[in-house]
Structure formats: C-alpha cells, structure tokens
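**Student:** Once you've had a glance at the structure underneath, I'll fire off some questions.
The values are calculated or read from the model by the stated rules, or taken from the named source; none is laboratory data. None of these values were measured; they are calculated from a predicted model. As a convention, Cβ positions derive from the backbone with ideal geometry for all residues, glycine included, and neighbour counts pool all protein chains shown. We work out accessible area using only protein heavy atoms, side chains counted, and drop any ligands, DNA or RNA first. Shrake-Rupley method; radii C 1.70, N 1.55, O 1.52, S 1.80 Å.
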Amino acid sequence: MLPDLRARANAGEPDAACRLAAEMEYCDRIATQLSSISEAMKSTNVRLPQGTRMTPELQATVRQTQQAMAAGAERMLQESAHCEGVPAVSANQRLQYWRTAAIGGNVVAMRHYAVGNAFRMNETLENLDNLRVYQREAETFAKRAVAEGDLSTVLALAAAHNPAQPGQRHLLAQAVTPDRSQALALYLYAQSLMRDDERFATPRTFIDQTVRNLEQDLDPPALARARAQAADHMRVQPTLAASVQGAVFGYTRDVERQECASP
C-alpha cells in the first residue's frame, strides 16, 4: 500500500498526498507517545532509599499507576503495528505532502494546513522557511476551505479575525489581520450552516454569544457589511461540506487518516 500511496502523492494526487501525510503524522505521534510512556514507566520503578517503607495506600497507588501505564503501552503497541514499514520522514517532507494536497483541492488538507495543524511545536526551527510561506498563503487556503462549507475552517478563520478571541493567538491568527466585521460575517455564516443540527449544540452556544458581542462592538455600516458578507458566503456554499463530522469552538482537531481518502 505505502509504495503506491507515495508514488501517487509524489505525482501530485491530492487525496493520496493527504492520506500519506496523515499516515506519517499518525505514526510519528504513536512513536512519541510510546517513548513518553516508556519513560514514565521507568519513573514508577525507581527504588526507594534503603529502610524506606511505603504505606499500603501508596503501594496500591503505585500498582494502579503501573497497571494503567502497562495497559496504555499495550494499546499503543497494538496501534503501532499499523506503522510497520512507514519510514520516519522530516518535518519538511510531511508538511510538503499536506501542502500538495491542499493546493490540489483536498478540503481536509486545506483545513489542516490553513489552521496551522500541519506544523508541530517541536519542529518549529526546522520549519522556519515553511512558516514564512505559510504566513503568505494561509488565509487563501482558509478562504478556499470556507468556500467549500468546511465548518471547522469557518470557525477557525472567524476566531483568527476576532481581536477579542480569548486564549493564545494560533498560527492562523498571526497570518491574518484582525477584523471584527470579517469575524462576525464568518460566525453568522457558521450559524447558518449549523442550522438546528444537534451535533453542534455545544459550540453553537459559544458562537451565539460571540455574535452578540461582535454586534455590540460594530457600528451600523460595519454591521451591515458583515451581514452582507455572510449572505455572500451562503450563496456560494449553502450547505456543509460532506467531510464535516462536528466542530469545536476555539479549537480545530487534527485530521484523521480516514478523512483524507481510502489508501
């Protein structure tokens, strides 16, 4: 499977590039988690100084911790079997597959790249040149995903434009200009896409409050402009993208391998 997938990805096939990047990301994450569990298990086996006695309660806690870690390691080992034969790749190689998929029009890859999830904190220095490219094109990819009705990207771009968005400024927020009117237009569009779908009941509560806050902040011309832009979004794409499974307010989850396409 992997050689064929890599050949198709190298030939520029968007779905194959997305799936290959997601497989690489998944296996890298599994390897990191296994390493972390291994180090944590070592710490539970540290010998106490001679003469030191643990209380029965502490002994029980240590046993429970060791058992939980062992179970977690077993689950990770089972998942890692999927990664046999998947070679380790550089941060740049993996990122280029995500970008190839996004350029080719794969919606979930556009989202993953545009919101910044294709970049990993522990690879920042490796990706400095790629981050400069990202800064120039992130908003364009985000707008393309928005035009496809990808709800998670709609919410991510709205949050990026919102200067009052709580929490840290994620990569997309650093690549766009704060604009309350643009933020409101996107949140209004998100409301229209969600309709009364129960899948979105929780994020809808936060979005409705954010919309009220932005409406209070804007003057009448800016408010009218935001509503007109929201209507334009609906005319371009009045329904959710088929790939949409759910949405979280203030956070964009990583793409699952199966979302890209079949290998």
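**Student:** Which trypsin sites (Lys or Arg not before Pro) does the stretch 99-188 hold that lie in a coil by DSSP with at most 15 other beta carbons within 10 Å?
**Tutor:** Values: sites: Arg99, Arg111, Arg120, Arg132, Arg136, Lys143, Arg144, Arg169, Arg180; in loops: Arg120, Arg169.
Listed in order of number, the matching sites are Arg169.
**Student:** Can you give me the angle between helix 151-161 and the longest principal axis of the chain, using Cα atoms only, in degrees from 0 to 90, rounded to the nearest 10?
**Tutor:** 80 degrees
**Student:** Pick the calculated mean projected area of the Cα convex hull in nm² for this structure from [x] 25.2; [y] 18.3; [z] 14.3?
**Tutor:** Identified label for the calculated read-out: [y].
**Student:** Next up: Once R0 is set to 45 Å, what does the formula 1/(1 + (r/R0)^6) return for the Cβ-Cβ distance between Arg29 and Ala231, expressed as a FRET efficiency to the nearest 0.05?
**Tutor:** Details: r = 40 Å, r/R0 = 0.90.
Efficiency, from the Cβ-Cβ distance: 0.65.
**Student:** Residue separation times 0.36 nm, minus the C-alpha to C-alpha distance between His82 and Thr140: what's the value? Before the final figure, lay out each step's value.
**Tutor:** On the way: separation 58, 0.36 × 58 = 20.88 nm, distance 3.45 nm.
Stretched fully, the His82-Thr140 segment lengthens by 17.4 nm.
**Student:** Angle check, please: helix 91-103 long axis (alpha carbons) against the longest principal axis of the chain (alpha carbons), in degrees 0 to 90, nearest 10.
**Tutor:** On a 0 to 90 degree scale, this one is about 30.
**Student:** Something else: Rounded to the nearest 10 degrees, what's the angle between the helix 220-236 long axis and the longest principal axis of the chain, both from Cα atoms, 0 to 90?
**Tutor:** Taking Cα atoms only, the helix is inclined about 70 degrees.
**Student:** Another question about this same structure. Just to confirm, what accessible area per residue do you get for the chain at 1.4 Å probe, in whole Å²?
**Tutor:** Numbers: 14350 Å² over 263 residues.
Ligands and nucleic acids excluded, the figure is 55 Å² per residue.
**Student:** Could I ask something else about it? Within the stretch 126-181, what whole-number % of the accessible surface is contributed by carbon and sulfur, with the 1.4 Å probe and all protein chains included in the calculation? Don't skip to the answer; put the middle values down first.
**Tutor:** Details: 1270 of 2710 Å².
With neighbouring chains kept in place, the figure for the stretch 126-181 is 47 percent.
**Student:** From the square roots a ≥ b ≥ c of the eigenvalues of the alpha-carbon gyration tensor of the stretch 107-211, which class results: rounded (a/c under 1.5), prolate (a/b over b/c), or oblate? All intermediate terms of the calculation are to be shown ahead of the outcome.
**Tutor:** Values: a/c = 1.98, a/b = 1.74, b/c = 1.14.
It is prolate, given that a/c is not under 1.5 and a/b is the larger ratio.
**Student:** If you don't mind, another one. In nm, give the distance between the simple-model label positions of Ala11 and Arg169, each being 7 Å from the Cα along the Cα-to-Cβ direction.
**Tutor:** In this crude label model, Ala11 to Arg169 measures out at 4.4 nm.
**Student:** Among Asn122, Ala190, His233, whose Cα lies farthest out toward the positive end of the dipole of the chain, if unit charges sit on the beta carbon of Lys, Arg (+1) and Asp, Glu (-1)?
**Tutor:** Of the listed residues, the answer is Asn122.
**Student:** For the chain, what does the helix formula give at 222 nm: sum of -39500 (n - 2.57) over DSSP H segments with n ≥ 4, over the residue count, nearest 500 deg cm²/dmol? List each step's numbers first, then the result.
**Tutor:** Details: 12 runs with 175 residues, N = 263.
The per-residue figure over the chain is -21500 deg cm²/dmol.
**Student:** Order Tyr189, Tyr251, most accessible first, counting only protein heavy atoms with a 1.4 angstrom probe. Display every interim value, and only then the final one.
**Tutor:** Values: Tyr189 0, Tyr251 140 Å².
The residues order as Tyr251, Tyr189, largest area first.
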